[in-house]
1. Would you be able to say whether some residue in the stretch 3-12 is open to solvent by 30 Å² or more (accessible area, probe 1.4 Å) and assigned to a loop (DSSP other than H, G, I, E, B)?
2. For residues that are at pLDDT 95 or above and of a type in the set (S, T, N, Q), scanning just the stretch 1-23, find the one that is nearest to I350 (Cα to Cα).
3. Among the strands (runs of 3 or more DSSP E) confined wholly to the stretch 244-353, which include 1 or more residues that are over 27 Å from H25 (Cα atoms)?
4. Could you look through the stretch 193-251, keep only residues that are among the charged types (D, E, K, R) and in contact with a strand residue (DSSP E or B) (Cβ under 6 Å, 6 or more places away or on another chain), and pick out the one that is nearest to Q52 (Cα to Cα)?
5. Quick check: anything in the stretch 445-459 part of a strand (DSSP E or B), surrounded by 15 or more Cβ atoms within 10 Å (Cβ to Cβ) and either within 14 Å of the chain's Cα centre (by Cα) or modelled with pLDDT of 95 or more (or both)?
6. Go through the residues of the stretch 223-231 one by one and say whether even a single one is more than 18 Å from the chain's Cα centre (by Cα), of a type in the set (A, V, I, L, M), buried (at least 20 other Cβ atoms within 10 Å of the Cβ) and over 13 Å from W124 (Cβ atoms).
7. What about L152, is it modelled with pLDDT of 95 or more, part of a helix (DSSP H, G or I), open to solvent by less than 10 Å² (accessible area, probe 1.4 Å) and under 21 Å from K408 (Cβ atoms)?
Amino acid sequence: PGLSPAAVVGAGLGGSAAAYFLQQHFGPQVQLDVYEAAGVGGRLATVTVNKQQYESRGASIHALSLHMQDFVKILGLKQRREVAGKSAIFSGEHFVLEETDWYLLNLFRLWWHYGISFLRLQMWVEEVMEKFMRIYKYQAHGYAFSSLEELLRSLGGDAFVNMTQRSVAESLLEVGVTQRFVDDVIAAVLRSSYGQSVLVPAFAGAMSLAGAQGSTWAVEGGNKLVCSGLLKLTKANVIPARVTGISLHSSEGRALYQVHYESSEGQGSAFYDMVVVTTPLHPSRSNFTFENFDPPIADFPGAFQPSVTSVVHGYLNSSFFGFPDPKLFPFTSILTTDTPDLFFHAMDNICPVNISAAFQRKQPQEAAVWRVLSQQPLDKHQLKTLFRSYYSVQVTEWQTYPRYDATKSLPPVVLHENLFYLSGVEWVASSMEMVAVAAKNVALLAYNRWHQDLEKIDQKDLMHKVKTEL
């Protein structure tokens, strides 16, 4: 029988991509309800400064993100042009590494400072990425995985699964990267992407390091346009309500899911053949109840890392960074090492989401819009340390990323026959493309299970199968 109504909980990137892929596989007749309490786009939000919009989070997309590139093409959106800028790593007292205008000199500097570590890091990241890219081939052939472990195993064997259970520091030291390089460079990149230390698991670390050394892009007009675009394209019915729980019923021997929600009109519920949950199910993040499930759906272990984004419009205090003359301050992005006194993880001089052809960065002595990432909200004194003066500060506090050292087990993808969980993928690595890959996997998994096409689920030796199918 055909799939009738299906529900997606959450309209961030995961929810919008899941709705799009479900429709792609089940066909346009599927009636899709998407529940969203806050606003389409989830964490891909923007803030407005001086009538211009800026990304407050989730800003850059790796060049190899094939699903994201597809979405942009299908929706007729454009890639926003990158405005060049230089970055440096600050230790609280001095810059341990500075980028220069001249690429070769950069490489030479890295080489001089860190010897072969830089090369070993690059080889390590490239090897992980090369294996990860197999997922697109598998998905193009309709293969899906019923757990995150199975997905990882099919890409890189047990080594990939182990990479979710040991730290990036350990993995890099093992391939001959020096402790000094880990402390100076790797720590800075992970602080700027996840707000965490080199103890994050190797897989999440590799993804974040790939973004740091590859070319990245963003969506013209704001990354959140991908979410609203996909939902419009699927003609999904977006319901502004917070889902409070799901209870299981059965009809004619099939599972039927009752989704309970609260909206401004009060409480309500609706029945579905299939539900995909794309909001985090951790007790710290949502009070979500599952009723009538046997065995019961367990609580999810793990915690989330609080993180704060402050978008500050003001004059950088370049003396704090050792540049008494602000005109001479060359950097647009400052990463930091893991130093006890440093109260921020990273800061960058950000460009608006709409960049005209004539757009140019402000001179370093002019007022600019900076995004500062930290674990705690910045107090007056800290703001005065980073800025000589400022016009406005807009603070967003989130529980953005998993606290990666908090748990070793990955959350399940299948919660019940036709009840799926997407957000668990963030415990493998958290990026827009990871979420899109997981959304495609859930849609294929749902489709293959619905049609009992078990040949397409958790297959071994897929590289071989895909080669012979062509």
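1. yes
2. My answer is S16.
3. By residue number, 254-263, 266-272, 289-291, 304-316, 333-336, 346-349.
4. E220
5. Yes, some residue in the stretch 445-459 is part of a strand (DSSP E or B), surrounded by 15 or more Cβ atoms within 10 Å (Cβ to Cβ) and either within 14 Å of the chain's Cα centre (by Cα) or modelled with pLDDT of 95 or more (or both).
6. Yes, the stretch 223-231 contains at least one residue that is more than 18 Å from the chain's Cα centre (by Cα), of a type in the set (A, V, I, L, M), buried (at least 20 other Cβ atoms within 10 Å of the Cβ) and over 13 Å from W124 (Cβ atoms).
7. yes
Per-residue answers, yes or no, for (1) basic (K, R); (2) touching a Pro at 6+ places or on another chain (Cβ under 9 Å); (3) within 28 Å of L281 (Cα to Cα):
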position: V353; (1), (2), (3): no, no, no
position: Q375; (1), (2), (3): no, yes, yes
position: Q382; (1), (2), (3): no, no, no
position: S392; (1), (2), (3): no, no, no
position: V395; (1), (2), (3): no, yes, yes
position: P412; (1), (2), (3): no, no, yes
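The values are calculated or read from the model by the stated rules, or taken from the named source; none is laboratory data. The model shown is predicted, which means the values in this text are computed figures rather than measured ones. Glycine also receives a Cβ, built like all others from the backbone with ideal geometry; neighbour counts cover every protein chain displayed. For accessibility, only protein heavy atoms count, side chains too; no ligands or nucleic acids. Shrake-Rupley method; radii C 1.70, N 1.55, O 1.52, S 1.80 Å.
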